[in-house]
1. Kindly list the number of the only condition in (1) part of a loop (DSSP other than H, G, I, E, B); (2) open to solvent by 10 Å² or more (accessible area, probe 1.4 Å) that fails for Phe183.
2. Specify the residue that is nearest to the chain's Cα centre (by Cα); the eligible residues are those in the stretch 373-414 that are of a type in the set (S, T, N, Q) and farther than 21 Å from Val325 by Cβ.
3. So which residues in the stretch 360-375 are open to solvent by 40 Å² or more (accessible area, probe 1.4 Å) and either at pLDDT 90 or above or among the hydrophobic types (A, V, I, L, M, F, W, C) (or both)?
4. Looking only at the stretch 249-267, count how many residues are more than 20 Å from Tyr409 (Cβ to Cβ) and open to solvent by 40 Å² or more (accessible area, probe 1.4 Å).
5. Touching a residue at least 12 places away in the same chain (Cβ under 8 Å) and either surrounded by 17 or more Cβ atoms within 10 Å (Cβ to Cβ) or part of a loop (DSSP other than H, G, I, E, B) (or both), is that true of Glu157?
6. Can you pull out the residues in the stretch 209-237 that are basic (Lys, Arg) and not in a helix (DSSP H, G or I)?
7. Can you run down the residue pairs with Cβ atoms below 6 Å, 6 or more apart or on separate chains, where the first is in the stretch 26-54 and open to solvent by 40 Å² or more (accessible area, probe 1.4 Å) and the partner is β-branched (Val, Ile, Thr) and outside any loop (DSSP other than H, G, I, E, B)?
8. Mind listing just one residue for me: the one in the stretch 61-80 that is within 23 Å of Met112 (Cβ to Cβ) and charged (D, E, K, R) and, of those, most open to solvent (accessible area, probe 1.4 Å)?
Amino acid sequence: MGPSRWLAVALAAARSGAMVHDLKIHGDERSLYRIESFCFLEGGVLDLRVTNFKIDAKGPFRAGFVMRRASSESAAQQELEESLEANACLLDWGTGNEGDLAGGDTVFELDMSDPTQWRGELVRQHRIEKAEEGLYSLIFVRCEPSEGRASTSFDLEAKFYNKGPSYLSACEAPLPMLFAVFFGLFLATSVLWGAVLCSGAKQGEAGTRVHGIHKLMGALLVLKSLTMMSQAMRYHFINVTGSGEGWEVVYYVFASAKGVMLFVVILLIGTGWSLVKPYLNDREKKIVLVVLVLQVVDNVALVIFEETAPGSQRWLTWRDVLHLVDIICCCAILFPIVWSIRHLREAAAADGKTRNNIAKLTLFRQFYIMVVTYIYFTRIVVFLLAATLPFQWLWLRYVFSEGATLLFYVVTGYKFRPAEDNPYLPLKKGDDDLEEFGIDDDEDNDPELQKAKEFELAQLDDA
């Protein structure tokens, strides 16, 4: 399975909590695409209403909608790609026929090929039986004319819901409670961090040192807590009414602010701002500016992506923008950490203050590994899990993602906490000798340290 397929699968999994759906397609030349995914239990209902259906082509056509069941998101995506490659028509399989494509089966079919049967509007309802429970995809199919030889237009209104009615997909039914639990955990972490900062501020010069970056880390925790709270409320109302009841706006505001703050905090820790030096150099300022601009684009893409119907071409465009910008931001935040590691190594090799430099160098390398691991796990591993998990366990992707985020925040806070024994030392702006990394001139220039310097650096490289 190629990278583009995994991306489509991952983002479809993220959207599988759909509800009340309204899609308008105009002049679309695609012949096969997934409109929406939803996990149904026994008694679940699909209400479908199609109006203004039109295919701009000469002669007869063969087109319609099917509901296909698959074992996982990856299997559903594989079926679509195999159908396109084999030039197979999903309308030919009929209901209850598994066919040969990735083990899926059709439980609902709406054939629009004969306009005399629907005359401008077609309304259908399908109720899920006990043996039909699973992960479903609503798919548009145009068998004739083939892709690129005609365009399709239609308005689609669809309601997906389980017993209750519960408009939240069965794949994501635990999410309101799950996000509420994580809200409590992040809020408790925020309170604990606030206590640490207050304790450090009281001790002042005589004890621990609270720097600007520590306050930004506290702001990040608060924003993350509010994001979890708004997510919990959003999914609660989706479950009850089919829409977020205004909580989408609250969520987008907090999620956008949190996203910007997260990248800024990682960037500033990577540069050593306020911990190692009181200001940023020109190169670091440019990186921060670029990431801020990209985060604005990323947040715009997030809002449009979340509010646009997955079956539309616009959704595909913004999906790609969101993915590309996120990758660029993740790569950009690594550069300052690499630069800091290089400069600390040069400083350690240039003077005799090896112990302090080795401690800083070790901490930066650990932070680099933490950031890379966090990005890899939340951007790749979690999505792969979502693509392969059975439909009953798709909600676990949020457990893994938010759990990894909480762990990353806690470990980062512990390593860079305002502590007396923190390897970073306070600096005064304008000291030429301390301009880049602020190595303390009062540290003993012990000849024994000079002799041990290369030995310690070699040990560090081996580690």
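1. (1)
2. Applying the first criterion (of a type in the set (S, T, N, Q)) to the stretch 373-414 yields 373, 378, 388, 392, 401, 405, 412.
Filter once more, so that each one left must be farther than 21 Å from Val325 by Cβ: 373, 388, 392, 412.
On the way: Thr373: 15, Thr388: 17, Gln392: 21, Thr412: 20 Å.
The extreme case among them is Thr373.
3. Passing the criteria: Ile369, Val372, Thr373.
4. From the stretch 249-267, those more than 20 Å from Tyr409 (Cβ to Cβ) are 249-250, 252-253; that's our starting set.
Filter once more, keeping what is open to solvent by 40 Å² or more (accessible area, probe 1.4 Å): 249-250, 253.
Final tally of qualifying residues: 3.
5. On the way: touching a residue at least 12 places away in the same chain (Cβ under 8 Å): yes; either surrounded by 17 or more Cβ atoms within 10 Å (Cβ to Cβ) or part of a loop (DSSP other than H, G, I, E, B) (or both): no.
It is false that Glu157 is touching a residue at least 12 places away in the same chain (Cβ under 8 Å) and either surrounded by 17 or more Cβ atoms within 10 Å (Cβ to Cβ) or part of a loop (DSSP other than H, G, I, E, B) (or both).
6. As a first pass, look at the stretch 209-237 and keep what is basic (Lys, Arg): 209, 215, 224, 234.
The one that is basic (Lys, Arg) and not in a helix (DSSP H, G or I): Arg209.
7. What qualifies is Arg49/Val123.
8. Within the stretch 61-80, the match that is most open to solvent (accessible area, probe 1.4 Å) is Arg62.
The values are calculated or read from the model by the stated rules, or taken from the named source; none is laboratory data. Everything quoted here is computed from the prediction, not taken from an experiment. Every residue, glycine as well, gets a Cβ built from its backbone with ideal geometry; the counts of neighbours run over all protein chains shown. For accessibility, only protein heavy atoms count, side chains too; no ligands or nucleic acids. Shrake-Rupley method; radii C 1.70, N 1.55, O 1.52, S 1.80 Å.
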